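All remarks here apply to the structure that follows.
Here, each number is a calculation from the coordinates, and none is a lab measurement. Note that the structure is predicted; figures quoted are calculated from it, not measured. A quick note on method: Cβ atoms are made from the backbone with ideal geometry, for glycine too, and the neighbour counts reach across all protein chains shown.
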Amino acid sequence: METYDVVVVGARCGGAPLATLLARQGLSVLLLDRGERGTDKLSTLYIHQQGVAFLRDWRVLEQVRATGAPPITGLTYRVGDVELRAPGPFVGGGDAAYAPRRSDLDEVLCRAAEAAGVAVVHGASVTGLQEENGRPAGVRYRRAGRWQQARAGLVVGADGLRSTVAKLVSSSSYAVHSKLSCCLYGYWAGLDAGFEQYQSDGLWVGVIPTSGAHVVACYFRQSEFARVRLDVESAYDRCVRTAAPGVAGQLADATRIGRLIGMGDQQNYFRTAAGPGWALVGDAGHHKDSLTARGITDAFVQADLLARAVAGAGSMEPSRLDAALAGYAAERDRRMMPFYRSTLAVARLDVEAERLKELRHVAASPELSALYGAAVAGAMTPEEYRLHSAALTP
Ligand SMILES: Cc1cc2nc3c(=O)[nH]c(=O)nc-3n(C[C@H](O)[C@H](O)[C@H](O)COP(=O)(O)OP(=O)(O)OC[C@H]3O[C@@H](n4cnc5c(N)ncnc54)[C@H](O)[C@@H]3O)c2cc1C
């Protein structure tokens with residue numbers, strides 16, 4: 001049986017960078033994923049500038065740029081009579097946001113892991129833990145019809161929304177909120193558009209430039225899900241025509257690539273992020289409505305936090321490691337909670353008079369618009385945005 005310092009389960013935007021960072025610290029790391037390498041996954045692809053800054057620090061930004069995803073340097077947001085234009089760059093050092101295809105992004109991240117010395121194994125489905133002294137001591141997994149085991153001092157679940165590792169360690173859920181939205185999106189060739197958002201009561205449209213196409217995403221209230229899934233084409237068409245008539249006009253002359261893709265399972269939760277000998281990163285430990293497109297960026301934040309915590313432990317000795325993991329869990333909540341709250345507020349898809357008034361005020365001021373863009377980009381928390389914008393408001 002092979003022995004590693006760390007086994008990471010899930011080789012996408014949470015697990016792959018974490019494995020890379022740990023290997024760069026000199027730890028031996030096994031990265032397992034049950035999926036096939038280089039495959040796509042549900043996502044509208046947008047990485048906030050806060051996330052792009054991690055890609056730069058991890059020395060993979062050039063590879064992500066090379067996938068052909070164009071730089072996104074500003075945001076246009078239209079709601080009611082308001083048109084808010086927030087220019088970039090928003091985050092110190094970062095020059096743009098990007099929306100690479102997930103098959104490209106996750107492959108770049110896996111290649112970086114391999115270059116750092118991580119053993120990356122796809123087609124490996126983790127089904128159980130090995131335990132020793134009441135803590136995980138490795139994993140059992142099935143690959144190519146064979147059962148295998150790997151020992152490790154730390155087991156990390158980066159295995160997404162329906163995390164097996166979270167179940168196996170009995171991580172408990174908290175701050176759970178009911179589902180708010182559901183989403184339909186498609187890829188389009190032939191659009192001339194930047195990064196654009198449109199809102200009307202109960203509807204939201206996002207236009208996101210990716211390599212060789214644009215993603216056009218429609219969001220509806222969760223209460224609409226049954227109706228939307230009955231006739232996705234009509235629901236999508238109605239949403240774009242109502243919330244973003246200008247985009248609807250452009251789509252008439254554009255070509256859709258493939259079918260519409262939908263997702264109603266927009267869960268909102270936290271799960272305990274760590275315990276003795278285990279930790280969760282990314283969607284495995286915390287998920288929120290995808291409307292604010294924070295999942296990839298937040299997975300990067302968590303990978304960075306956990307890697308720093310493990311480095312801070314200074315060794316894999318259990319008591320030192322567990323203290324560091326407890327610190328990671330607390331810091332993850334502190335960092336994720338503000339964006340969780342703001343996402344829950346936006347994903348209700350209400351257009352309130354008070355919010356429109358505030359946005360009108362922001363749109364009229366270049367300084368406030370830039371600040372708004374910085375908050376959307378993740379350069380500051382929603383609370384910091386409120387404080388800074390209050391200081392700019394006479
Ligand atoms: C409709 C939609 C649109 C979205 N749009 C955006 C967006 O624009 N921007 C953004 O930042 N986020 C977006 N997200 C969220 C984002 O996709 C996720 O937050 C992100 O992928 C989480 O990364 P992760 O690495 O934690 O998990 P995942 O990307 O889900 O990866 C988990 C991996 O674990 C593997 N796995 C699972 N179980 C096992 C097992 N038992 N054994 C081995 N491997 C296992 C899976 O095969 C998978 O590859 C969107 C989500 C949805 C649903």
As straight-line cross-link partners of Lys288, the qualifying aspartates and glutamates (C-alpha separation under 16 Å, not fewer than 8 residues apart within one chain) are Asp159, Asp265, Asp298, Asp333
Stretched fully, the stretch from Ser125 through His388 gains (0.36 nm per residue minus C-alpha distance, one decimal, in nm) 90.0 nm
Longest principal axis of the chain (C-alpha) makes with the long axis of helix 353-363 (C-alpha) an angle, in degrees to the nearest 10, of 90 degrees
FRET efficiency for Leu356 and Ala252 from the Cβ-Cβ distance with R0 = 30 Å, rounded to 0.05, comes out at 0.55
Tilt, helix 232-243 to longest principal axis of the chain (alpha-carbon atoms), in degrees rounded to tens, equals 50 degrees
For the range 1-122, shape from the Cα gyration tensor axes a ≥ b ≥ c, cut at a/c of 1.5 then a/b versus b/c, turns out prolate
With 0.36 nm assigned to each residue of separation and the Cα-Cα distance removed, Ala323 to Ala115 gains 71.9 nm
Taking Cα pairs closer than 8 Å and at least 6 residues apart, the relative contact order of the chain in percent is 22 percent
Note on the chain: the mean projected area of its alpha-carbon convex hull, in nm², is 19.2 nm²
Quick shape check on the range 114-154: root eigenvalues a ≥ b ≥ c of the Cα gyration tensor, a/c under 1.5 is rounded, otherwise prolate if a/b tops b/c, else oblate, and it reads oblate
Per its Cα gyration tensor (rounded if a/c is under 1.5, else prolate when a/b beats b/c, else oblate), the range 346-394 is best filed as oblate
For the chain, longest principal axis from Cα atoms; helix 102-115 axis from its Cα atoms; angle between them, nearest 10 degrees, is 30 degrees
